[in-house]
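Okay, so here's the structure we're looking at.
The values are calculated or read from the model by the stated rules, or taken from the named source; none is laboratory data. The structure displayed is predicted, hence computed values, not measured ones. We place every Cβ from the backbone using ideal geometry, glycine too, and count neighbours over all the protein chains shown. Protein only, heavy atoms only, side chains kept; ligands, DNA and RNA dropped before computing areas. Shrake-Rupley method; radii C 1.70, N 1.55, O 1.52, S 1.80 Å.
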Amino acid sequence: MSTSGIVAKLNAAQQQAVCHKDGPLLVLAGPGSGKTRVITHRISHLLAQDVAPDRILALTFTNKAAEEMLQRVEKLVPQARGLWVSTFHSFCAKMLRREGSVLGYTPGFSIYDVDDQKRALKHVMESLKLDKTVDGDYLRQTISHCKNHCITPAQFFAGAGFSLASNTQKQVVSKIFDLYQQFLKKNNALDFDDLLIQTWELFNHYKDVTDRYQEKFQYILIDEFQDTNLPQYRIAKILAQKHCNICATGDPDQSIYSWRGANIGNILEFEKDFPNAVVVKLEQNYRSTKTILQGASALIANNQLRKQKTLWTENPRGETIRVVEAFDDSQEAEWICQDILRIKHSGRSLQQMVVFYRTNAQSRAMETALRASRIPYIIVGGIEFYKRAEVKDLLAYLRLLLNENDDISLLRIINVPAREIGKTTVSDLVAIARQYNLSLWKALSEDEVISSFAARPKRALRQFAQMMSSLKAKKFPSIEELVVAVLSETGLLQDIKKRDKKENEDREENIKEFLASVREYEKKEKEASLISFLERISLIADVDQWEQQPGQEGPVTLMTLHSAKGLEFPIVYIIGMIEGLLPHARSMESKTALEEERRLMFVGMTRAQDLLTLSHSRLSYRREAYREMCDNTPSRFIEEIPKDICRFIKGSTRFR
C-alpha cells in the first residue's frame, strides 16, 4: 500500500503522528482515540518509506496487544517480516538468550513465576534457618519493589526507598535478597523483574552490545508509555540514544499500575528527557457515547497529576449513566442479573456485557447471582490454565530438560508421580548438594552422592536420574512428540488416568488442552522451539488467555478494573461503588494514591460503548465469618459525575 493509502482514512491528529519522520514523538492518546491504529499505521508508513523491518522495535505490555499490532501491520504492508514487535518482557528475554552469556546465563535459562519465586525464597530462608520467622510474601513483594526501582540489596540495606523499623530488619531482608539473587544465578534462572533488570545491566555495562542494538533500532515505538517502570524506561532511553527516533504513546489518565512499579512521571516528563519532542494529542473518541465521555471527563478533571486533553466524539448522546443503589451486596448482584436478562431479551448478546469490580473477592456475590439466574459467565484472572498443578508439573519436566541447573523444577517433580522419594530423601539430597555447592541434577549424577543413600531411595533416585538423562539424550522432531514422550515415560498421564475422581478427569482434559496449545504454537511459528514455547507460557498475562466469543450464548465477562485496560464492551457494569472499595481504603491517606484510584475508575467508565451502569449497596458484610454488617458510603466518584447525565435507581430484585 502506498504512503497516501496508509494515511488516507486517518483524522488530522492521527495523520500528524503517523507521518512524523525523525526525532522524539509523544502521542497523548485518550481512550478510544485509535491509539493502536496510529501505532500500526506509523510502522506501516515507516516501512513504506523503505525503513528495513528489522530496524523497527515496537514494545507493548501484553501478548494480545503485540499480536494484534503485528497482524494489523501485515494487512497494511506485506513486507513486514523481520519486525521486532513484542512485550517488554519478551524482548528482554530475547536479548538475554542472545547476549546473556556475558552476564553468566545460558540460553536455556528458566523464567520463574510467582510460585517459583516463593519456592526459591523458601529454599534460601531454610538455608538461613529463617523460614519460620520471616514472611515469604512480604519478602517477595519487597524484592520485586526493589527491582522495579533498580534498588540493589546493598542499596536496600542503606535504606533506599524504604523506612523499615530497624537496621536488623534491613540486614535480614538485604541478606535474603542477596542470597536469592545468587540462588537464581546458580539455577540459571530469572524472575519476571530480573528479565528487565538484567537487560538493563547488559545495556548499561557492555558497550559493544549496546552500540550494536542502538545502531540496529532506528525507530522505537513504546505503547502504553504511562505503564513503564524505571528499568523499562532506562532500556528504552538507552536504546534510543543514537537515532533519537522514539515514539512514546500513552495516556497519563490511564496510569493504574504503580503497585507493580509503573511510574507516571515517565510520560509526564517525556518532554524534559527529550527536549525536541513533538507532542500530538489524540482527543477524538470513536468508542463511547457523548454522555459516557462527558461523565468520564468530568471525573478525571478532579486529578491534578495529568496532561490536559479535551475528549470529544461524533457519536450519539446515548443513554444516561445509571446509578443503582441496592440494599446489600446480594441484592446489588441480583438487580444486575435481572438487568442482564432484560437486555438480552431485547436482542443484545451476553458476550457484549462485562461486570467490573475493584477486588477479586467481589466476584463471589456476583457469581452466586449469575448461577442462580442461569446466566453463563467467565472470569478473567481466575485460576490461570498454565498455573494448574498438573500443567505446572509437566512444565517443570520440560524446563528441567532445557536447564539442568533448575533446582526448583527438579524439586517439584522428583516425586511426581510418587516414586518412593520421600521428604527425608529430598532433604538429604538438598543438604548434600548445598554442602558441595552442586546443583541437584549434578548431585544426582554423582555415584558417590547416590551411594550414600539407603537401598530403596538409592534405587528410586537412580531410576529418576536415568529416566531424565534418557529423555534429555533423545532427539524429537517436534515439541509435541517431546511432550508426549515426557507424559508417557514419567508416568504423569498414567497417574492421572488411574484415578477415577471427577477432578482427575478435568486434569486429563487440561493435559489434552496443553497438547493442543503445543500444536497450535508449532503450526503458527515458523521457527518453533521449546525455549520460545516455554518463554511464551511464562510471560502470558490473564487477558492474553481471554477472547470475546461471538454469538447470543457467549458468556458475560467478569474481571477486575485493573484487567480492563485495552478492552471495550457495549454494556458495562461497575459494581461495589462504595468508599473503601472504590476508592480503595489503602488510597485514602495519600493524594497520589487517590488520584490513581480515580484513574482506575476513568479506565472502567471509558471501556463502555453504549450503556454504563454504576452500582453500590447501603450495607455489606465487614467480616463474612461473623456476619457483621456495616453501613456503606457511596463512592465519592459518583458525586464527581454530573447529576444531569445520571439516572438514579433504587435497586430491587425486580427491574425498575
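Some observations on this one:
- Where a residue in the range 308-322 is under 15 Å from R287 (Cβ atoms) and its partner, wherever it lies, is surrounded by 19 or more Cβ atoms within 10 Å (Cβ to Cβ) and modelled with pLDDT under 95, with Cβ under 8 Å and at least six apart: none
- The selection criterion, being of a type in the set (S, T, N, Q) and either assigned to a helix (DSSP H, G or I) or modelled with pLDDT of 95 or more (or both), does not hold for Q308.
- Residue count for the range 345-370, restricted to those that are free of Cβ contacts under 8 Å to residues at least 12 places away in the same chain and in a helix (DSSP H, G or I): 3
Rundown of residues vs (1) in contact with a Lys or Arg (Cβ under 9 Å, 6 or more places away or on another chain); (2) more than 25 Å from D273 (Cα to Cα); (3) part of a helix (DSSP H, G or I), yes/no style:
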{"site": "V38", "(1), (2), (3)": "no, no, yes"}
{"site": "L46", "(1), (2), (3)": "yes, no, yes"}
{"site": "V51", "(1), (2), (3)": "no, yes, no"}
{"site": "M69", "(1), (2), (3)": "no, yes, yes"}
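- Per the listing A465, A460, the residue uniquely in a helix (DSSP H, G or I) and touching an Asp or Glu at 6+ places or on another chain (Cβ under 6 Å) is A460.
- On the stretch given as the range 6-31, residues that are of a type in the set (A, V, I, L, M) and either free of Cβ contacts under 8 Å to residues at least 60 places away in the same chain or at positive phi (or both) total 5.
- Options K442, K392: the member that is open to solvent by less than 70 Å² (accessible area, probe 1.4 Å), assigned to a helix (DSSP H, G or I) and in contact with an Asp or Glu (Cβ under 9 Å, 6 or more places away or on another chain): K392
- The combined condition, being touching a residue at least 12 places away in the same chain (Cβ under 8 Å) and either under 30 Å from S538 (Cα atoms) or surrounded by 14 or more Cβ atoms within 10 Å (Cβ to Cβ) (or both), is fulfilled by R434.
- Total residues in the range 270-305, condition over 28 Å from the mean Cα position of the chain (by Cα), under 21 Å from H20 (Cα atoms) and assigned to a loop (DSSP other than H, G, I, E, B): 4
- Residues within the range 61-75 that are more than 17 Å from A248 (Cβ to Cβ), open to solvent by 30 Å² or more (accessible area, probe 1.4 Å) and in contact with a strand residue (DSSP E or B) (Cβ under 7 Å, 6 or more places away or on another chain), tallied: 2
- Residue selected from the range 57-93 under the condition free of Cβ contacts under 8 Å to residues at least 60 places away in the same chain and of a type in the set (K, R), by the criterion farthest from W200 (Cα to Cα): K75
- Selection within the range 307-328 - within 29 Å of the chain's Cα centre (by Cα) and crowded, with 21+ Cβ neighbours inside 10 Å: L311
- Which listed residue, of P31, P78, is open to solvent by 30 Å² or more (accessible area, probe 1.4 Å), more than 23 Å from V209 (Cβ to Cβ), of a type outside the set (D, E) and not in a helix (DSSP H, G or I): P78
To keep it simple, each residue is scored yes or no on (1) out of contact with any Pro (no Cβ under 6 Å at 6 or more places or on another chain); (2) of a type in the set (F, W, Y).
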residue	(1), (2)
Q352	no, no
E367	yes, no
V380	yes, no
Y397	yes, yes
A418	yes, no
A433	yes, no
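- Residues that are under 23 Å from T40 (Cβ atoms) and either among the hydroxyl-bearing types (S, T, Y) or open to solvent by less than 10 Å² (accessible area, probe 1.4 Å) (or both) within the range 242-265 comprise I246, C247, A248, T249, G250, D251, P252, D253, S255, listed in sequence order.
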